[in-house]
Amino acid sequence: MGQLLKVQNFTVSRDGFGAGDGQSLERPFGHADPATLMSWVIKTASWPNRTDSGGTRGLDDYLTRDFSHNIGAEIMGSNKFSPYRGPWEDHSWLGWWGDEPPFHTPVFVLTHHLRPSFTLSDTTFHFIDDDPATALDKAKAAADGKDVRLGGGATTVREFLDAGLVDTLHVAVANEVELGSGVRLWESPDELLDRYRCDVVPSPGGAVTHHLFWRR
């Protein structure tokens, strides 16, 4: 099948928002609570930040483990990387993730405000001002034959969907979270059914419903 562009474990509220309003340094997801939105991942045995031997197994755990399988590069929008808007006043901001980012691959940040690449641990961040197709070409070249993950946010995912570039898409709908406003991925998952086949699978605990899309 060649290299794929994959959206993995992307979680939205029941009303289709991937993040809330008012993103800031203190609130990366705006008025949404990421611990509530992503609780299905945090509860799994394979959650990377888990410090004990507990956690759930089953489908949620499998999808958490699969997050990094055969991924050689990531593409993300500028607001996933940073809360700042406009030109960089300085280059001291190095992302939300500390000295050990969870990507372990080259990361391509889409932005109209370029800055030099930098490396933290085994992750190098590159800043590019390209259309989706060109960005994907760069990420595939850096991925060394592996697949590319499209990390978000919702606006970036929609841009690549609208460009016809996404091969597979996994969206977890948080059944008990309603945001009312924010950055929307969709009004309804049915919007994608003209282009994708879809399996809909409730999580074992009922916190989310997994929507697994692949090209028709």
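Every read-out reported here was derived from the displayed coordinates using simple, explicitly stated rules and does not represent laboratory data. Given the structure is predicted, the values throughout are model-derived calculations rather than measurements. Cβ atoms come from the backbone with ideal geometry, glycine included; neighbour counts cover every protein chain shown.
Tabulated values for the structure
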item	result
Relative contact order of the stretch 90-201, pairs being alpha-carbon contacts under 8 Å that are 6 or more residues apart, as %	17
Simple Cβ-charge dipole of the stretch 1-60, Lys/Arg +1 and Asp/Glu -1, about Cα centre, in debye nearest 20	240
The stretch 1-78: C-alpha gyration tensor shape, a/c 1.5 cut-off, then a/b vs b/c	oblate
Farthest toward positive dipole pole in the stretch 75-216 [+1 Lys/Arg, -1 Asp/Glu at C-beta], among V201, G152, N175	V201
Euclidean distance of C-alpha centroids, the stretch 171-193 and the stretch 134-170, integer Å	20
Relative contact order, percent, the chain [alpha-carbon distance under 8 Å, six or more residues apart]	31
The stretch 19-150 shape via C-alpha gyration tensor axes, a/c threshold 1.5	oblate
